[in-house]
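Q: Provided herewith is a single structure, encoded as structure tokens, for subsequent inquiry.
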Amino acid sequence: MIYKLITLISSKYTAIFWTVLIFVLCTLPSEHLPKNSDKTSHFLAFAGFTFFWFFQSSKYWLIILIAAIYGIAIEFWQGSLPQSFHRGFDWYDALADSIGGIIGLPIWLIYKRLLVLFMQ
């Protein structure tokens, strides 16, 4: 059971799914989303983004850079959505995305180290 979970977490399909999920959630009208800290949601989403993509490449800084660019691109996308979506461009969201992307690295490194200990 645990090996299936590890396989699922490390799958490229999980990384792709997470990437698409971020886009979909950031495109939905804001009144359809739970009321919580917007910046925390961005932070956690992009920490997950880098965490899942680190399984696919060891080019950590490239993945973090892609996360930051993706976060900024989503902000431009939100800025282009109709006003009825209650979405807009926010540099602080992009900053939260970037910080989340950076924090995904130590989370992934800790996970990797714990996985090695668990598999012994």
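Q: Would you point out the residue of region 37-54, among those that are over 8 Å from the mean Cα position of the chain (by Cα) and modelled with pLDDT under 95, that is surrounded by the most Cβ atoms within 10 Å (Cβ to Cβ)?
A: Ser41
Q: Given the structure, is Ile74 hydrophobic (A, V, I, L, M, F, W, C), touching a residue at least 24 places away in the same chain (Cβ under 8 Å), on the phi < 0 side of the Ramachandran plot and in a helix (DSSP H, G or I)?
A: So Ile74 fits the description; yes.
Q: A further question follows. I need a count of the residues in region 1-21 that are among the β-branched types (Val, Ile, Thr), closer than 22 Å to Tyr111 by Cα and at pLDDT 95 or above.
A: 3
Q: Hey, another quick one. Are any residues in region 41-69 of a type in the set (Val, Ile, Thr) and touching a helix residue (DSSP H, G or I) at 6+ places or on another chain (Cβ under 8 Å), and if so, which ones?
A: Within region 41-69, Thr50, Ile63, Ile64, Ile66 qualify.
Q: Among the listed residues Pro34, Pro29, identify the single one that is modelled with pLDDT under 95 and out of contact with any Phe, Trp or Tyr (no Cβ under 7 Å at 6 or more places or on another chain).
A: Sole residue among the options that is modelled with pLDDT under 95 and out of contact with any Phe, Trp or Tyr (no Cβ under 7 Å at 6 or more places or on another chain): Pro34.
The values are calculated or read from the model by the stated rules, or taken from the named source; none is laboratory data. This structure is a prediction, so every number in the text was calculated from the model and none was measured. Don't worry about glycine lacking a Cβ; one is built from the backbone with ideal geometry, like all the others, and counts go over all protein chains shown.
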